[in-house]
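Step one of this worksheet: look at the structure below.
The values are calculated or read from the model by the stated rules, or taken from the named source; none is laboratory data. These numbers were taken from a predicted model, which means no experiment stands behind them. Cβ placement follows ideal geometry from the backbone for every residue including glycine, while neighbour counts extend to all protein chains displayed. All accessible areas refer to the heavy atoms of the entire protein, side chains included, with ligands and DNA or RNA removed. Shrake-Rupley method; radii C 1.70, N 1.55, O 1.52, S 1.80 Å.
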Amino acid sequence: MNDDTPARDGEEGSDSAVGDAEADAGDEPHTKEGARGDDETRTDAEGKADETAEEVTAEDIDIRESIGPSGSDIDISEVDGPGVDGAGAEGSSAGDGNANSTGETGESTSDEAATDVSLDEVVLDEEDGDSRGLFDDLLSGEPIFENKEVLRPSYTPHELPHRTEQINQMATILVSALRGETPSNILIYGKTGTGKTASAKFVSQELESTSQKYDVPCEVEYINCEVTDTQYRVLAQLANKFIEKNFSVIENELDRLEDLSARAGEAPDLLSDTEFDSLDAVEERIDQLETDREEMETVPMTGWPTDRVYSTFFDAVDYNERVVVIMLDEIDKLVEKSGDDTLYNLSRMNSELDNSRISIMGISNDLKFTDFLDPRVKSSLGEEEIVFPPYDANQLRDILQHRADVAFKGGALTDDVIPLCAAFAAQEHGDARRALDLLRTAGELAERGQADTVEEAHVRQAQDKIELDRVVEVVRTLPTQSKIVLFAIILLEKNGVRNINTGEVFNIYKRLCEEIDADILTQRRVTDLISELDMLGIVNAVVVSKGRYGRTKEISLSVPIDETEAVLLSDSRLGDIENAQPFVQARFDN
């Protein structure tokens, strides 16, 4: 087409441009229907140009501008449609553009694809950034503790300050076990946190290590009777421990005898230095050990008769020659739950055992629990008694300092932390366990606050945290109806009523419900709520018979009355009750 030729109109220019574009792009010969082909080509080109213009919107442009330039940025002047240079420019633009309409459409599509990729990259960059997780901030601080486990009650230290006298006393009693003799039974008394269990475990570890040094068969078995609180469980646990040890002994002996049998088959003279006089005797002993191993059966935790469990324990402990010290921690819990049958059987076993000897070491917080024992059990069990007195503030300070040197990093404690912990614990009854818990909790609070050192404020926070009594927390979380029933019992006790019965509680309960506009439950349901409070240990409810008047529950509080009332009145509904005076029904007490 000649550039100097004026364009007749936009349509004719478009027709000729389309024809030229088709000739240049396709290089196809014209047919007899060329005019018709020109019209169709023009129509397709115009449609594609319109699609190209419609595919890119202002939103796309804004997105690309916000992202930044890409490899194939689109020219806005081309997108806006016809130029301002007249029909010729329009035709040229249409002709040139439509000749590559497919390319422009593809370019627009690639721009959109580039836009999508750029958006994805932006999201990925945000995800791949330096984000901090839940525990990152908590781990960023420098730890205060070197070994926190040292402050746990389960830790047995290598040295026990201010318990040398009691430890030496236990050692002088148990040293007879290292001579193959039966040690006297020991009862250890003392309040909570006075070092009873820690001292007993320390002596036991020393006893076992010394027995191994001198090759003396001496063993110590520890049982916590607060967990293992029935005769069946105590005997089953002991039986299974000794059965496991017997398995180990049999395996070692079988390995030794089988090796001896193999070597003696080639050199019979080897038996001259052994307890066997022939190879058949060795094989007979091997068969006996294998039979013993097959006959040993561990005791299930339930299901066997108690006499069978006792017989299994007896056979297991007497299988080898040894001296056994059975340490029963919280022994009063066992007596309270199951009576003294277990202690009677254990204390009388030595008269029946052939190979082994048994000694009992009981540990108790209750100085009077032996008052409920059978006189025969009491006489044999309490052969030796050791009392652990409470610690004073200076002794607690030494204990805390001894543990803190191992538990904390250097310089982590200010000078007033240990004296304050010792003073708080000594105010009650010299509980070292409480002092250690206080020190550990103060360290944890300081560490959570990302403090560099443990200070006096942390100790006071820890004291407040520990002082939150379990019973107070239970009362605070009771349902409203249970709180009303408990408040009724408190009102009766505050007004001097003793041996409160269910009917009296129900009468006060109804009045309190009317006072705060709460639903009134039936007396049977109130009785169930009283039973639930009894189960939680908040009240003590005992069913008593009144003869011809039937049976009833006599109820009394098991928690401090003033503190409990204060917790109840902190409830928004019960706090509205004012001057509630109980009405006590008439009754005839003998």
| Looking at (1) out of contact with any Pro (no Cβ under 8 Å at 6 or more places or on another chain); (2) surrounded by 14 or more Cβ atoms within 10 Å (Cβ to Cβ); (3) not aromatic (F, W, Y), which is the one condition that is false for E294? | (2)
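Kindly establish whether R548 is of a type in the set (D, E, K, R), part of a loop (DSSP other than H, G, I, E, B) and outside the structural domain of T441 (by the TED database). Write out each step before concluding.
Numbers: of a type in the set (D, E, K, R): yes; part of a loop (DSSP other than H, G, I, E, B): no; outside the structural domain of T441 (by the TED database): yes.
Considered against the rule, which asks whether it is of a type in the set (D, E, K, R), part of a loop (DSSP other than H, G, I, E, B) and outside the structural domain of T441 (by the TED database), R548 comes out as no.
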| Restricting attention to the stretch 336-359, which residues are hydrophobic (A, V, I, L, M, F, W, C) and out of contact with any helix residue (DSSP H, G or I) (no Cβ under 6 Å at 6 or more places or on another chain)? | L346, M349, L353
| field | Segments classed as helices (runs of 4 or more DSSP H), wholly inside the stretch 306-360, with at least 3 members that are in contact with a Ser or Thr (Cβ under 9 Å, 6 or more places away or on another chain) | value | 331-338, 341-348
| request: Any residue in the stretch 270-284 that's in the same structural domain as D259 (by the TED database): show its pairings with residues that are modelled with pLDDT of 80 or more and open to solvent by 100 Å² or more (accessible area, probe 1.4 Å) at Cβ separation under 6 Å, as long as the two are six or more apart or on different chains. | output: L270/R263
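Residue by residue, here is whether (1) under 30 Å from D452 (Cα atoms); (2) in contact with an Asp or Glu (Cβ under 9 Å, 6 or more places away or on another chain); (3) open to solvent by 50 Å² or more (accessible area, probe 1.4 Å); (4) among the charged types (D, E, K, R) holds:
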| site | (1), (2), (3), (4) |
| --- | --- |
| S380 | no, no, no, no |
| Y391 | no, yes, no, no |
| D398 | yes, no, yes, yes |
| L413 | yes, yes, no, no |
| I418 | yes, no, no, no |
| F424 | yes, no, no, no |
| Q427 | yes, no, yes, no |
| L436 | yes, no, no, no |
| Residues that are modelled with pLDDT of 85 or more and surrounded by 13 or more Cβ atoms within 10 Å (Cβ to Cβ), drawn from the stretch 259-275 | L260, S261
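Residue check: is I555 closer than 21 Å to L574 by Cα and either open to solvent by less than 50 Å² (accessible area, probe 1.4 Å) or modelled with pLDDT of 90 or more (or both)? Spell out the reasoning first.
On the way: closer than 21 Å to L574 by Cα: no; either open to solvent by less than 50 Å² (accessible area, probe 1.4 Å) or modelled with pLDDT of 90 or more (or both): yes.
It is false that I555 is closer than 21 Å to L574 by Cα and either open to solvent by less than 50 Å² (accessible area, probe 1.4 Å) or modelled with pLDDT of 90 or more (or both).
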| query | Somewhere in the stretch 251-258, is a residue open to solvent by 40 Å² or more (accessible area, probe 1.4 Å), basic (K, R) and outside any loop (DSSP other than H, G, I, E, B)? | reply | yes
| query | Quick check: is even one residue across the stretch 147-162 in contact with a strand residue (DSSP E or B) (Cβ under 8 Å, 6 or more places away or on another chain) and either outside the structural domain of H402 (by the TED database) or charged (D, E, K, R) (or both)? | reply | no
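Need a quick list: helices (runs of 4 or more DSSP H) entirely within the stretch 414-488 having at least 2 residues that are β-branched (V, I, T) and over 20 Å from L568 (Cα atoms).
Values: elements: 417-428, 432-448, 456-467, 470-476.
Fully inside the stretch 414-488 and qualifying: 417-428, 456-467.
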| request: Tell me, please, whether a residue that is exposed (fewer than 12 other Cβ atoms within 10 Å of the Cβ) and either in contact with a Ser or Thr (Cβ under 6 Å, 6 or more places away or on another chain) or among the small types (G, A, S) (or both) can be found in the stretch 477-497. | output: yes
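Here is a yes/no grid of residues against (1) open to solvent by 70 Å² or more (accessible area, probe 1.4 Å); (2) modelled with pLDDT of 90 or more; (3) assigned by the TED database to the domain that holds D315:
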{"site": "N345", "(1), (2), (3)": "no, no, yes"}
{"site": "R348", "(1), (2), (3)": "yes, no, yes"}
{"site": "I360", "(1), (2), (3)": "no, yes, yes"}
{"site": "N365", "(1), (2), (3)": "no, no, yes"}
{"site": "D371", "(1), (2), (3)": "yes, no, yes"}
{"site": "H402", "(1), (2), (3)": "no, yes, no"}
{"site": "F408", "(1), (2), (3)": "no, yes, no"}
| Answer residue from the stretch 207-228, given it is within 23 Å of I386 (Cα to Cα) and within 32 Å of the chain's Cα centre (by Cα) and is surrounded by the most Cβ atoms within 10 Å (Cβ to Cβ) among those | C225
| remark: All-but-one check, R524 against (1) out of contact with any helix residue (DSSP H, G or I) (no Cβ under 9 Å at 6 or more places or on another chain); (2) over 24 Å from V472 (Cβ atoms); (3) in contact (Cβ under 8 Å) with a residue 40 or more places away in the chain, failing number (3)
| query | Name the pairs whose Cβ atoms lie under 7 Å apart, with the first residue in the stretch 314-328 and acidic (D, E), the second assigned to a loop (DSSP other than H, G, I, E, B), and 6 or more positions between them or separate chains? | reply | D318/L353; D318/D354; D318/N355; E321/P217; E321/N355
